[in-house]
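Heads up, the thing below is written out as structure tokens.
Where a number appears in this text, it was derived from the coordinates with a stated rule and is not lab data. Owing to the predicted nature of the structure, the values given are computational and were not obtained by experimental measurement. For neighbour counting, all protein chains shown are included, and Cβ atoms are generated from backbone atoms with ideal geometry for every residue, glycine included.
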Amino acid sequence: MVCTIIKKFILFFYCFAFLSFSNAADIFGAGDYRDEYNKEFKTKSLSLDYREKNKKSINLIENTIKQIGLPPLIVPTNNPLTKGKVLLGKKLFFDKRLSINNTLSCAMCHIPEQGFGSYELKTSVGLEGRSLKRNAPTLFNISYMDRLFHDSREASLEWQVWSPLLKKNEMGNPSFASVVSRLKNDKDYVTDFDKVFPNEGISVENIGKAIASYERTLSSGSSRFDKWMYDGQKDVLTQDEVLGYKLFTGKAKCSSCHILQKKFSTFTDQKLHNTGIGYKNSMNTKQDKYRVQISPGEFTFIDSKIIDSVSRKQENDLGLYEITLDPKDRWKYRTPSLRNIALTKPYMHDGSLLTLEDVITFYNEGGFKNPLLSPLLSPLNLSDREQMQLVKFLKSLTGENINELVADAFDH
């Protein structure tokens, strides 16, 4: 959450043991895998040539209607999905020229091969290396969310895009008009918009409609759990995964917020809750020293005073309160969907919990106590085995088409 090279160094190298994917091919993952980041580490970074060879476009609109376990996609009547509009939105999503200095695109925080989020950093990096205060949420199944951003300040994908475009520390554009003008000075975009939006062309509304159309197609269901729950395939889950599901809907009380329906599941109540994470941060509990990995298997400690001396003061984060100014809303954040949760670490609004095991431990302890803690949270008394079973169940929620969506994103 600070703006310095030192802090970026800490965030980048700080023990984010990357995911081991049980059902995802090797086109999915970070630029380097660090499952075993030790002195024998050898890079497995994917070359541009490899990505080029593995890119493959798919019919993204068709993708939205063939996913087991997902509800019917609701598309605004004033922004119907068309192939041309989706492709234009995809082009804009990956275009760094949408930032004021041509250095940032939407895809640089919402990285396709990192779950359309960013699991190399706790919080995103904005314009000119500025650290942002929140973790980049995944865009998988974003079309099923009633509220957008961790604090739920937007309800429309069409208008959501303008928040990062205009924030000074994100993409830095000074106004709507500056973005529109930049695109109007590009002959290719003028042609593209005229084809997709006849007699309308480039406008604030149509930029939002195009990007929203691409994001709306990033549907990913048909997980092993979906096939077990909604398609009658009773042999696709292991015994531990089934027991994890029973814990999820029973003793662990996960489904109180991450709800399941009879015919489909979004795994969210679409509400906001105080788990104590935001409260703890606001109370400014700090470490005296930070453990930093400086090379594979090599660590050192840096005094927090050294970091503070070259850092911007940490920005406070009060969650929903920043939108409503209602004191009761302090430190409330949106319930995320749990679909593809194994691919979208680190967790919570600030990326403070690095693994699913950390998340289960946090909730097993009842969250972090504070005067406004959600009444839904209390100690769960789960055994080590039960916690393991919950994690295994959560890993069964990875969508079947992840690789297809990533390979399609490579083709931009």
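A few remarks follow.
- Segment 271-412: C-alpha gyration tensor shape, a/c 1.5 cut-off, then a/b vs b/c: rounded
- Legend: helices of the chain (whole DSSP H runs) are marked when their alpha-carbon atoms reach 27 angstrom or more along the helix axis and their mean Kyte-Doolittle hydropathy is at least 0.0; nothing is marked.
- The chain - Rg over Rh from alpha carbon coordinates, Kirkwood radius: 0.95
- Built amide H within the under 5 Å cut-off of E154, gap 5+: L148
- Inter-part distance where segment 238-294 and segment 296-330 are each reduced to a Cα centre, Å: 21
- Fully extended contour minus Cα-Cα distance, from E200 to T103, at 0.36 nm per residue: 32.1 nm
- Here the extension length gained between S175 and K328 equals 51.8 nm, from 0.36 nm per residue of separation less the Cα-Cα distance.
- Net length available on complete extension from T249 to R312 is 18.4 nm, with 0.36 nm assigned per residue and the Cα-Cα distance removed.
- Between segment 345-407 and segment 136-174, the alpha-carbon center distance in angstrom: 23
- Taking K234, K253, K345 as the candidate residues, the one with maximal mean-square fluctuation in a Gaussian network model of the chain, Cα springs under 10 Å, is K234.
- Taking a Cβ cut-off of under 12 Å around R147, the surrounding Lys, Arg, Asp and Glu residues balance to a net charge of 0, with basic ones at +1 and acidic ones at -1.
- Peptides 258-266, 393-401, 89-97 ordered by average Cβ neighbours within 10 Å, highest first: 393-401, 89-97, 258-266
- Electrostatic dipole magnitude of the chain [Cβ: Lys, Arg +1; Asp, Glu -1; Cα centre; debye, to 20]: 500
- The calculated FRET efficiency for the pair K305 and R153, based on their C-beta separation and a Förster distance of 41 Å, comes to about 0.75.
- Anisotropy class of segment 270-345 from Cα gyration tensor, a/c 1.5 cut: oblate
- Shape of segment 336-392, Cα gyration tensor, a/c cut at 1.5: oblate
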